[in-house]
1. Condition test on residue 79, is it surrounded by fewer than 14 Cβ atoms within 10 Å (Cβ to Cβ), assigned to a helix (DSSP H, G or I) and of a type outside the set (Asp, Glu)?
2. Given the options 57, 74, name the one that is within 21 Å of residue 125 (Cα to Cα) and either of a type in the set (Asp, Glu) or assigned by TED's automatic domain parsing to the domain that holds residue 119 (or both).
3. I'd like to verify a number: residues in the range 211-223 that are surrounded by fewer than 21 Cβ atoms within 10 Å (Cβ to Cβ) and either part of a helix (DSSP H, G or I) or in contact with a Lys or Arg (Cβ under 7 Å, 6 or more places away or on another chain) (or both), how many?
4. Kindly indicate whether residue 36 is in contact (Cβ under 8 Å) with a residue 24 or more places away in the chain and either part of a helix (DSSP H, G or I) or out of contact with any strand residue (DSSP E or B) (no Cβ under 9 Å at 6 or more places or on another chain) (or both).
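The values are calculated or read from the model by the stated rules, or taken from the named source; none is laboratory data. Quick caveat, the model's predicted, so the values are computed rather than measured. Note that each Cβ is placed from the backbone with ideal geometry, even for glycine, and that neighbours are counted across all protein chains shown.
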Amino acid sequence: MKKVLFIDYDGTLHDSDAKYAARLDGILGLDGLQIWQAYLHVHRGIVHVQYPEKHDDFLFHQRLLFDYLKKPYDDKVAHTLAGKFRQAQQETWRNPSFYPDALPFLNKAKEKHILCLTTGDYAPEKAKALEKAGGISYFSYTFDKDHLGLKGHGSSYYSNAVMSTKSRPEDVLVIGDSLEHDIAAAKSAGLAAVWVNRRGIALAENLPRPDFEAKDLMEVLTYILKDKS
């Protein structure tokens, strides 16, 4: 049985898409979810790959976003977008929207596993939001880019997490919703990985296959309870 669970936050435990979509709705005459999905493509597919040093540069992201959306760059709108993104980012822990299965999953998983929150940003704040919602402390470790480096940028994030927890790779299971940032990075680090595919999207042929694909965290729970490795 895998003893240590590396659990993602945004899109896995928390409905971050809804937070960002609500804040961005109507800007540039577009649906908020459309802008958010375009931003994710820019952030993960362009910035992380080509400009990792620009990870926290919101206005740099906006220039790329305007290009991706085929909109003329407008500095005033770009600053508005940057502010909306920051507001939504803070709401993910100040006013969170956890998936209904998040706390039941954590409560059950905590009984037999060491839980580690592995997210991109603000891990301590996100862990505290879950602790407040559930009434208990869930995570033995909280990791983000300030501790481990950029998530999804090669295998170093998860390799560093394994070393920080003094675990063996064979004892670790990564649980996340992003094929690029969670699953591919975990497999690159030699770790088992479960893909939480809430939206039912197709697995890209150019990415490593997860060890298990689940539609929600209850399916993940069934999987880890059956795991005899």
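1. yes
2. Exactly one residue qualifies, and that residue is 57.
3. Result for the range 211-223: 7.
4. Criteria not met by residue 36.
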